[in-house]
Amino acid sequence: MRYALRHMGLAGAMFAVASPALAAGSPSDPLNSVMWEALRDQYFAGAPVVFDTAVKVTAPAAAEDTRAVPISVDATALGRVVEMVAIADLNPFPLVLRYHPGTAAPYIATRIKIQQATALRGAARTADGVWHVSGVLVDAAGGGCSAPPTSYAQKDWADHVGEVQARLWPADPEGVARLRLRIRHPNDTGLVDGIPAYFVETLQVEAQTPGGSPALARIDSLEPVSENPVYSLDLRPPPDATALVLRGRDNQGGEIRATIPMPPPGSKPAMRPAMSPKPAEQPWSVGQ
Amino acid sequence: MKRLVTSLALAASLIAFSATGVLAADAPSAGPSSDDLLKSATNTEAVLTYGMGPQAQRFSPLTDLNADTVKKLVPVWSFSFGGEKQRGQEAQPIIYDGTIYVTGSYSRLYAVDARTGHKKWEYNHRLPDGIMPCCDVVNRGAAIYKDKIYFATLDARLVALNRETGKVVWNKKLQEYKDGYSNTAAPLIIDGKIITGNSGGEFGVIGMVEARDAETGELVWQRPTIEGNVGTLNGKESTVTGKINASWPGDMYKTGGGATWLGGTYDPETKTLFFGTGNPAPWNSHLRPGDNLYTSSTLAIDPDNGEIKWHYQTTPHDGWDFDGVNEFVSFDLKKDGKVIKAGGKADRNGFFYVIDRTNGKLINASPFVTKITWAKGIDIETGRPIYNDDNRPGAPATADAHDAKGKSVFSAPAFLGAKNWMPMAYNPQTELFYVPANEWGMDIWNEPITYKKGAAYLGAGFTIKPLYDDYIGALRAVDPKTGKIVWEYKNPAPLWGGVLTTAGNLVFTGTPEGYLKAFDAKSGQEVWKFQTGSGVVGSPVTWKMDGEQYVAVVSGWGGAVPLWGGDVAKLVKDINQGGSLWVFKLPKA
């Protein structure tokens, strides 16, 4: 954590000088990543980019398990956000996911594979088209993207692909409710010999209400997300929602569908910021 | 979408003073329509259907290549399927708009630039560990329609992909792979419906023909091939196949086999689907007295609702694993000054059948291999075989007696068939069928058996033996008017690849020894060959592009022979495996 803090401090200091960073030219990367310019051109394609510590990226300074490194991107300080991305600079597939928060608060957490020590970035696009970028460095031993998933040790892995575990916490006073999802899926990158790319591609959360099924948020997920992907989102379910519905599919057309019940009355909202490894003692509700 | 709008606008501005050719070149290709697929046999610029036309004659009207010019046929490029998955490559390429769509072993699909061999995209299906393909992890080809390309997988699913991007549009389960189902055949698309059969004949499954909406993958109708089972139409039960227990004892029709594992053909003139059905299960025929309809048959099916129009059973009460799946090829039989709407079928059982395709009545049946032990012939009046009863493998001892196997017999053809899956070709100019045949026999005996879901349901033991020292494979030109063999080419190893014939008086086929060969269609003289580096067990195609005639074939040894071939497997064990697509052309100058 020490590394990350130091770099964020550095980034903050640079901003004090460079701000307003929207000025001509592109700001240089506070993380000094060799990939920055290439990635900027690839993923932000000419849009204005600023380094902004208002976007909080949380990840361990050193990865314990390179196949499942927790990362969260929190852009709530920016107010309304249209789109968010997570990027692992030195991964064979740098783009981790794109998140379209819709009516949700601009916060997403997941677990990812990283192939080597790398900069991890979060970016949020505000309604004015500006990308606000922040990040941390994560130290790691190699190989997270090219090791076969552990689920293949089980003969029956194929029987469980697409199963969903989910838990929805009650909304806090601002109407924000934490949703946590876990999907059984090998999420293969295609880089392991003889194992084709096979990963969750899209996930959309809708609310079930008497008046219809409005979409709340959408994730375009990619190869670097860990096996059996886990996502945490901060949704704003409409007050008359009777349940949430998760719809998704993987890159081979496999369909994912689950109905997530509303939390029982009297349960408490999630603690935030919540990357707590054990969110609660209640069992996860299982939807299919 | 933006691109589409732009090109339409451009087209609109040009239309006043420009030829429509410009319009066609600028607009994004909508892909082949139903009508294009029905007329694909005469389209020399593309190969849109498995069989090179819905009737599956595998005949090209192209004449640039002929018995004289073929010596100038040269390779243009070769494309490797990659990976370590080098198993049998039995595919026929689909060619459209400068792109070749070809399937590989282990449920892989490739889009390759037809001019350069550059890979556009690749789809690798993630297979579960427990798939149960009986006869190697092959696939025989894809189907194209509008903006999509389709193929079936070894875990018995049907996948539709966008043909430009390779992105999966939908992926539907056809059957439960854990019960022994798989799928290796090329789908057939007729009037917006994608029609498939099923594999798994050695696991006691029920044969099925199914039609789905090609856009959505939703099921339209199902037709089980075993009498007593009920079909469906638009989500409701439709009719019973045949009559329950008319030719099956007790409950055996519920695990009766009859898998439609080779897919089907279609005749636009009579608007009829033709699907062959596999052997009955179990192999031991003494357990299932009766004809066991509709196993080892050809079924004529209405594509609109899945109703059976007629059937012809090639091997009633089969006891030798003589699947009746082989392709039924519609053709015009010119006989005694008349043109009869007929169909030809070279059966596993060794007989070449000519059948009236309007009613299923037998016109002629003649041997196309040198030795047939199970029947003396086919009665033309009744359409039934005249059995040699002593060549049926004996019943095993009853009860739980140890070593209870029944009397073993030597029988020919072997269960791998006088002709197996590899498709023949019909040339309307020479009026000959070109049949890839094999000369082999087997020792076969029955054993006690009970059905267990997902387990092989054979009840028999067997071992294959070659009939001759110098050859097994024989490419034979069969005259459907007389049943006579006009010429033959003998090949040391068994033939396991499809055949192509052209208006240039040529016949192409591959050999396990690695050659793609061309023969004079009238004389059978070998006029060209090329060594592809591994055994050729795929089906060659030809088309014209940029004013030049091309030929393509996949190379990669495998299939059922090395797995089930007994003594024959020893002969082919030194053939190296592979996995590649070869493209040849006749250069202009």
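The values are calculated or read from the model by the stated rules, or taken from the named source; none is laboratory data. Because the structure is predicted, anything quoted here is derived from the model rather than measured. Glycine also receives a Cβ, built like all others from the backbone with ideal geometry; neighbour counts cover every protein chain displayed.
Please determine, by comparing only the residues of the range A:67-113 that are small (Gly, Ala, Ser) and either assigned to a loop (DSSP other than H, G, I, E, B) or touching a helix residue (DSSP H, G or I) at 6+ places or on another chain (Cβ under 9 Å) (or both), which one is surrounded by the fewest Cβ atoms within 10 Å (Cβ to Cβ). So that I can check it myself, show each step before the final result.
Start the filter on the range A:67-113 by keeping residues that are small (Gly, Ala, Ser), which leaves A:68, A:72, A:75, A:77, A:79, A:86, A:88, A:102, A:104-105, A:109.
Now drop any that are not either assigned to a loop (DSSP other than H, G, I, E, B) or touching a helix residue (DSSP H, G or I) at 6+ places or on another chain (Cβ under 9 Å) (or both), which leaves A:68, A:75, A:79, A:102, A:104-105.
Values: A:Ala68: 20, A:Ala75: 27, A:Gly79: 11, A:Gly102: 15, A:Ala104: 22, A:Ala105: 22.
Out of the qualifying residues, it is A:Gly79.
Just checking, does the range B:272-291 include any residue being closer than 30 Å to B:Ser408 by Cα and of a type in the set (Lys, Arg)?
Looking for residues that are closer than 30 Å to B:Ser408 by Cα and of a type in the set (Lys, Arg), one finds at least one in the range B:272-291, hence yes.
Only one residue in B:Met132, B:Met208 is within 14 Å of chain A (Cβ to nearest Cβ) and either surrounded by fewer than 18 Cβ atoms within 10 Å (Cβ to Cβ) or of a type in the set (A, V, I, L, M, F, W, C) (or both), so which one is that? Spell out the reasoning first.
Details: B:Met208 fails: within 14 Å of chain A (Cβ to nearest Cβ).
Testing whether each residue is within 14 Å of chain A (Cβ to nearest Cβ) and either surrounded by fewer than 18 Cβ atoms within 10 Å (Cβ to Cβ) or of a type in the set (A, V, I, L, M, F, W, C) (or both) leaves just B:Met132.
Would you point out which residue out of B:Gly566, B:Gly578 is of a type in the set (Gly, Ala, Ser), in contact with a strand residue (DSSP E or B) (Cβ under 9 Å, 6 or more places away or on another chain) and at positive phi? Even if it seems obvious, please write down each step before you answer.
On the way: B:Gly578 fails: at positive phi.
Within the list B:Gly566, B:Gly578, the selection yields B:Gly566.
Tell me which residues, restricted to the range B:221-230, are buried (at least 21 other Cβ atoms within 10 Å of the Cβ) and in contact (Cβ under 8 Å) with a residue 60 or more places away in the chain.
As a first pass, look at the range B:221-230 and keep what is buried (at least 21 other Cβ atoms within 10 Å of the Cβ): B:221, B:223-228.
Scanning the range B:221-230 gives B:Trp221, B:Arg223, B:Thr225, B:Ile226, B:Glu227.
In the range B:469-491, what count of residues is obtained for those that are of a type in the set (Lys, Arg), within 23 Å of B:Ala365 (Cβ to Cβ) and in a strand (DSSP E or B)? Outline the logic, then answer.
Kept after step one, since they are of a type in the set (Lys, Arg), are these residues of the range B:469-491: B:476, B:481, B:484, B:490.
If we keep only those that are within 23 Å of B:Ala365 (Cβ to Cβ) as well, we get B:476, B:481, B:484.
Next, only the ones that are in a strand (DSSP E or B) stay: B:476.
Within the range B:469-491, residues that are of a type in the set (Lys, Arg), within 23 Å of B:Ala365 (Cβ to Cβ) and in a strand (DSSP E or B) number 1.
Which condition from (1) exposed (fewer than 15 other Cβ atoms within 10 Å of the Cβ); (2) at pLDDT 95 or above is the one that B:Leu48 breaks?
Among (1) exposed (fewer than 15 other Cβ atoms within 10 Å of the Cβ); (2) at pLDDT 95 or above, the lone unmet condition for B:Leu48 is (1).
Tell me the residue from B:Tyr123, B:Tyr96, B:Tyr106 that is aromatic (Phe, Trp, Tyr), within 14 Å of another protein chain (Cβ to nearest Cβ) and surrounded by fewer than 24 Cβ atoms within 10 Å (Cβ to Cβ), please. Walk me through it before giving the result.
Numbers: B:Tyr96 fails: within 14 Å of another protein chain (Cβ to nearest Cβ); B:Tyr106 fails: surrounded by fewer than 24 Cβ atoms within 10 Å (Cβ to Cβ).
One residue alone meets the criteria, B:Tyr123.
Looking at A:Ala141 and the list (1) within 26 Å of A:Pro94 (Cβ to Cβ); (2) modelled with pLDDT of 90 or more; (3) surrounded by fewer than 22 Cβ atoms within 10 Å (Cβ to Cβ), which single condition is not satisfied?
Every condition holds for A:Ala141 apart from (2).
Could you look through the range B:558-589, keep only residues that are β-branched (Val, Ile, Thr) and not in a loop (DSSP other than H, G, I, E, B), and pick out the one that is nearest to the chain's Cα centre (by Cα)?
Step one: filter the range B:558-589 for residues β-branched (Val, Ile, Thr), giving B:561, B:568, B:572, B:575, B:583.
This time we only want the ones that are not in a loop (DSSP other than H, G, I, E, B), so: B:561, B:568, B:572, B:583.
Working: B:Val561: 16, B:Val568: 22, B:Val572: 22, B:Val583: 22 Å.
Only one residue tops the list, namely B:Val561.
So B:Leu161 ticks every box in (1) closer than 25 Å to B:Leu37 by Cβ; (2) out of contact with any Lys or Arg (no Cβ under 7 Å at 6 or more places or on another chain) but one. Which box is left unticked?
(2)
Looking only at residues that are surrounded by 19 or more Cβ atoms within 10 Å (Cβ to Cβ) and among the β-branched types (Val, Ile, Thr) in the range B:158-172, which one is nearest to the other protein chains (Cβ to nearest Cβ)?
By that ranking, first place goes to B:Val168.
Can you tell me how many residues in the range B:483-518 are free of Cβ contacts under 8 Å to residues at least 24 places away in the same chain and polar (S, T, N, Q)?
Matching residues across the range B:483-518 total 1.
For the range B:441-468, how many residues are among the hydroxyl-bearing types (Ser, Thr, Tyr), in a loop (DSSP other than H, G, I, E, B) and in contact (Cβ under 8 Å) with a residue 24 or more places away in the chain? Break it down stepwise before answering.
Start the filter on the range B:441-468 by keeping residues that are among the hydroxyl-bearing types (Ser, Thr, Tyr), which leaves B:450-451, B:457, B:463, B:468.
Checking the rest, the ones that are also in a loop (DSSP other than H, G, I, E, B) come to B:450-451, B:457, B:468.
So of that shortlist, the ones also in contact (Cβ under 8 Å) with a residue 24 or more places away in the chain come out as B:451, B:457, B:468.
Summing the residues that are among the hydroxyl-bearing types (Ser, Thr, Tyr), in a loop (DSSP other than H, G, I, E, B) and in contact (Cβ under 8 Å) with a residue 24 or more places away in the chain in the range B:441-468 gives 3.
State yes or no: is A:Val161 within 14 Å of chain B (Cβ to nearest Cβ) and either closer than 23 Å to A:Ile260 by Cα or in contact with a helix residue (DSSP H, G or I) (Cβ under 9 Å, 6 or more places away or on another chain) (or both)? Give the steps one after another, and end with the answer.
Details: within 14 Å of chain B (Cβ to nearest Cβ): yes; either closer than 23 Å to A:Ile260 by Cα or in contact with a helix residue (DSSP H, G or I) (Cβ under 9 Å, 6 or more places away or on another chain) (or both): yes.
Judged against the criteria, A:Val161 is a match.
Could you check A:Thr189 against (1) modelled with pLDDT under 95; (2) surrounded by 21 or more Cβ atoms within 10 Å (Cβ to Cβ); (3) more than 14 Å from chain B (Cβ to nearest Cβ) and say which number it fails?
(3)
In the range A:227-235, is there at least one residue being closer than 26 Å to A:Thr118 by Cα, out of contact with any helix residue (DSSP H, G or I) (no Cβ under 7 Å at 6 or more places or on another chain) and of a type in the set (A, V, I, L, M)?
Within the range A:227-235, one or more residues are closer than 26 Å to A:Thr118 by Cα, out of contact with any helix residue (DSSP H, G or I) (no Cβ under 7 Å at 6 or more places or on another chain) and of a type in the set (A, V, I, L, M).
Test each condition in (1) hydroxyl-bearing (Ser, Thr, Tyr); (2) more than 14 Å from chain B (Cβ to nearest Cβ); (3) under 14 Å from the mean Cα position of the chain (by Cα) for A:Thr150 and report the one that comes out false.
Only one criterion in (1) hydroxyl-bearing (Ser, Thr, Tyr); (2) more than 14 Å from chain B (Cβ to nearest Cβ); (3) under 14 Å from the mean Cα position of the chain (by Cα) is unmet by A:Thr150, namely (3).
For the range A:195-222, give me each residue that is within 14 Å of another protein chain (Cβ to nearest Cβ), farther than 15 Å from A:Gly248 by Cα and in contact with a Pro (Cβ under 9 Å, 6 or more places away or on another chain).
Once the filter is applied, which keeps residues that are within 14 Å of another protein chain (Cβ to nearest Cβ), farther than 15 Å from A:Gly248 by Cα and in contact with a Pro (Cβ under 9 Å, 6 or more places away or on another chain), the range A:195-222 yields only A:Ile195.
Can you spot a residue in the range B:368-378 that is within 23 Å of B:Gly566 (Cα to Cα) and modelled with pLDDT under 95? Steps first, please.
As a first pass, look at the range B:368-378 and keep what is within 23 Å of B:Gly566 (Cα to Cα): B:368-374.
Now drop any that are not modelled with pLDDT under 95, which leaves none.
Looking through the range B:368-378, none of the residues is within 23 Å of B:Gly566 (Cα to Cα) and modelled with pLDDT under 95.
Can you pull out the residues in the range B:58-84 that are surrounded by fewer than 24 Cβ atoms within 10 Å (Cβ to Cβ), in a loop (DSSP other than H, G, I, E, B) and not hydrophobic (A, V, I, L, M, F, W, C)?
B:Pro61, B:Thr63, B:Asp64, B:Asn66, B:Asp68, B:Gly82, B:Gly83, B:Glu84
Given the structure, is A:Ala258 part of a strand (DSSP E or B), surrounded by 19 or more Cβ atoms within 10 Å (Cβ to Cβ) and touching a residue at least 40 places away in the same chain (Cβ under 8 Å)? Full working, then the answer.
Numbers: part of a strand (DSSP E or B): yes; surrounded by 19 or more Cβ atoms within 10 Å (Cβ to Cβ): yes; touching a residue at least 40 places away in the same chain (Cβ under 8 Å): yes.
Yes: the conditions hold for A:Ala258.
Out of the residues in the range A:114-128 meeting the condition of being out of contact with any Lys or Arg (no Cβ under 8 Å at 6 or more places or on another chain) and in a strand (DSSP E or B), tell me which one is farthest from A:Glu64 (Cα to Cα). Please lay out each step first, then the result.
Just the residues of the range A:114-128 that are out of contact with any Lys or Arg (no Cβ under 8 Å at 6 or more places or on another chain), to begin with: A:114-121, A:123-125, A:128.
Retained after the next criterion (residues that are in a strand (DSSP E or B)): A:118-121, A:123-125.
Working: A:Thr118: 14, A:Ala119: 16, A:Leu120: 15, A:Arg121: 19, A:Ala123: 24, A:Ala124: 27, A:Arg125: 31 Å.
This residue is A:Arg125.
Identify all residues within the range B:550-570 that are within 19 Å of B:Thr509 (Cα to Cα) and either touching a helix residue (DSSP H, G or I) at 6+ places or on another chain (Cβ under 6 Å) or buried (at least 24 other Cβ atoms within 10 Å of the Cβ) (or both); write none if there are none. Show your work before the answer.
Within the range B:550-570, the subset within 19 Å of B:Thr509 (Cα to Cα) is B:550-561.
Of everything in the range B:550-570, those that are within 19 Å of B:Thr509 (Cα to Cα) and either touching a helix residue (DSSP H, G or I) at 6+ places or on another chain (Cβ under 6 Å) or buried (at least 24 other Cβ atoms within 10 Å of the Cβ) (or both) turn out to be B:Tyr550, B:Val551, B:Ala552, B:Val553, B:Val554, B:Ser555, B:Gly556, B:Trp557, B:Gly558, B:Gly559, B:Val561.
Starting from the range B:175-187, keep only residues that are without any contact (Cβ under 8 Å) to a residue 24 or more places away in the chain, then list their pairs with residues that are assigned to a loop (DSSP other than H, G, I, E, B) whose Cβ atoms are within a distance under 8 Å, requiring at least 6 positions of separation or different chains.
B:Glu176/B:Ala156
Quick check, is B:Pro282 touching a helix residue (DSSP H, G or I) at 6+ places or on another chain (Cβ under 9 Å), without any contact (Cβ under 8 Å) to a residue 60 or more places away in the chain and outside any strand (DSSP E or B)?
Answer is no for this residue.
What's the number of the condition B:Gly360 fails, among (1) more than 22 Å from B:Asn427 (Cβ to Cβ); (2) free of Cβ contacts under 8 Å to residues at least 60 places away in the same chain; (3) among the small types (Gly, Ala, Ser); (4) surrounded by fewer than 24 Cβ atoms within 10 Å (Cβ to Cβ)?
Answer for B:Gly360: the failing condition is (2).
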